[in-house]
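Below is one structure, written out as structure tokens, with a few remarks after it.
The values are calculated or read from the model by the stated rules, or taken from the named source; none is laboratory data. Please read all numbers here as calculations on a predicted model, not as lab measurements. Every residue, glycine among them, receives a Cβ derived from its backbone with ideal geometry; neighbour counts consider all protein chains shown.
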Amino acid sequence: MSILYPRIIDKVKYVSAISITYGILAFIMLGFIRYYKISPIISNELPLPVDLNFYNALALAILISLAPPGILLHYRCRIVDEVERFIPLFLRDTAELTRAGASIVRAIIELSEKPYGRWSRVLRRIAIRISLGEEFEETVVKTLKGLPETIKRYVLMILEAYRSGGRAAETLDDAARFAAIIRGFEEEKRRSLRIYGIVLYTSMIIFLLAAGITIYMSKALIKEGAGAEGGLIKVFTTPETLTAIFYITGLFEAIFAGLVVGKLVRGAMVAGIIHVIILLTMVIMFINGLGLFI
């Protein structure tokens with residue numbers, strides 16, 4: 001169990017399994033059973049539903065499946081970001097105390113009372129174990145088990161400085177500079193890649209506007225054709241079918257676009273689940289709003 005964030009975040013896999021199960025059940029109860037009968041399934045005939053409620057049930061099922069793990073993963077990423085912001089400052093403060101004559105162990109105990117956000121929790125855990133008589137290296141190794149991989153490297157730097165003896169202050173200075181450089185690089189990379197995320201959001205907005213215009217024109221053509229002599233204007237598909245096609249297409253586009261945003265900005269697709277939720281909400285609100293106004 002990590003000491004950086006609530007216990008439930010360590011159970012994301014279990015939360016995901018439960019939410020996916022409820023999502024599937026929601027779709028079966030609200031969508032599939034309601035709009036499909038046994039006979040079409042047996043005869044391999046699955047017509048495309050045109051009822052908006054069917055796709056609302058599908059979208060709701062996807063949101064139920066993705067929202068809990070997506071929110072937890074997003075919360076976890078924010079906590080890790082907060083810790084990474086404080087670590088360079090902590091390493092510099094530790095180097096200053098060490099240069100002033102304090103040992104690394106004593107410096108960590110003193111700095112555990114300073115406000116380093118959630119990183120202070122890690123320092124207090126180390127300080128408590130040391131005060132109970134545990135060896136410093138043993139304490140650090142135990143602490144590593146509950147930390148994300150991106151944080152472990154900095155804890156290992158502290159352990160390396162402890163082992164360096166008289167060069168501890170110099171080692172910590174180098175570690176602080178390294179941590180600041182890595183943090184600056186990550187922030188710059190995210191800023192430069194965020195534009196691609198904006199492009200994907202913009203493409204979704206353009207897609208929805210194009211879908212709305214197409215559906216509106218389809219309804220207008222039907223009205224025009226009904227009033228024309230001899231039915232000169234013919235429509236090849238109904239607005240309801242177009243709405244169904246754009247709805248299901250929008251759902252798929254929201255899922256893949258959100259995952260791509262997570263891969264670009266965070267380096268992991270699972271970090272994009274929160275963007276999937278936002279894009280899915282945009283699609284649901286737009287399509288249902290379109291049905292009210294057109």
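Please verify whether segment 140-160 includes one or more residues that are touching a Ser or Thr at 6+ places or on another chain (Cβ under 7 Å) and free of Cβ contacts under 8 Å to residues at least 60 places away in the same chain.
yes
Tally up the residues in segment 167-204 that are of a type in the set (Val, Ile, Thr), surrounded by 12 or more Cβ atoms within 10 Å (Cβ to Cβ) and farther than 26 Å from GLU82 by Cα, please.
So the count comes out to 1.
When you scan segment 213-234, do you find a residue that is assigned to a helix (DSSP H, G or I), modelled with pLDDT of 90 or more and either under 25 Å from VAL80 (Cβ atoms) or of a type in the set (D, E, K, R) (or both), even just one?
Checked segment 213-234: no residue is assigned to a helix (DSSP H, G or I), modelled with pLDDT of 90 or more and either under 25 Å from VAL80 (Cβ atoms) or of a type in the set (D, E, K, R) (or both).
Name the residues in segment 139-153 that are under 16 Å from GLU82 (Cβ atoms) and either hydrophobic (A, V, I, L, M, F, W, C) or assigned to a loop (DSSP other than H, G, I, E, B) (or both), would you?
Within segment 139-153, LEU147, PRO148, ILE151 qualify.
Quick one: which of LEU123, LEU97, LEU91 is in contact with an Asp or Glu (Cβ under 7 Å, 6 or more places away or on another chain) and among the hydrophobic types (A, V, I, L, M, F, W, C)?
Among LEU123, LEU97, LEU91, only LEU97 is in contact with an Asp or Glu (Cβ under 7 Å, 6 or more places away or on another chain) and among the hydrophobic types (A, V, I, L, M, F, W, C).
On the given criteria, is LEU279 surrounded by 22 or more Cβ atoms within 10 Å (Cβ to Cβ) and assigned to a helix (DSSP H, G or I)?
Against the criterion (surrounded by 22 or more Cβ atoms within 10 Å (Cβ to Cβ) and assigned to a helix (DSSP H, G or I)), LEU279 qualifies.
Tell me, which residue of segment 138-166 that is of a type in the set (Lys, Arg) and over 16 Å from ARG106 (Cα atoms) is surrounded by the fewest Cβ atoms within 10 Å (Cβ to Cβ)?
Filtering first and then ranking leaves LYS145.
Quick one: which residue in GLY101, GLY133, GLY117 is touching a Phe, Trp or Tyr at 6+ places or on another chain (Cβ under 7 Å), surrounded by fewer than 18 Cβ atoms within 10 Å (Cβ to Cβ), outside any helix (DSSP H, G or I) and without any contact (Cβ under 8 Å) to a residue 40 or more places away in the chain?
The unique qualifying residue is GLY117.
Could we say that LEU30 is of a type outside the set (Ser, Thr, Tyr) and modelled with pLDDT under 65 here?
Judged against the criteria, LEU30 is not a match.
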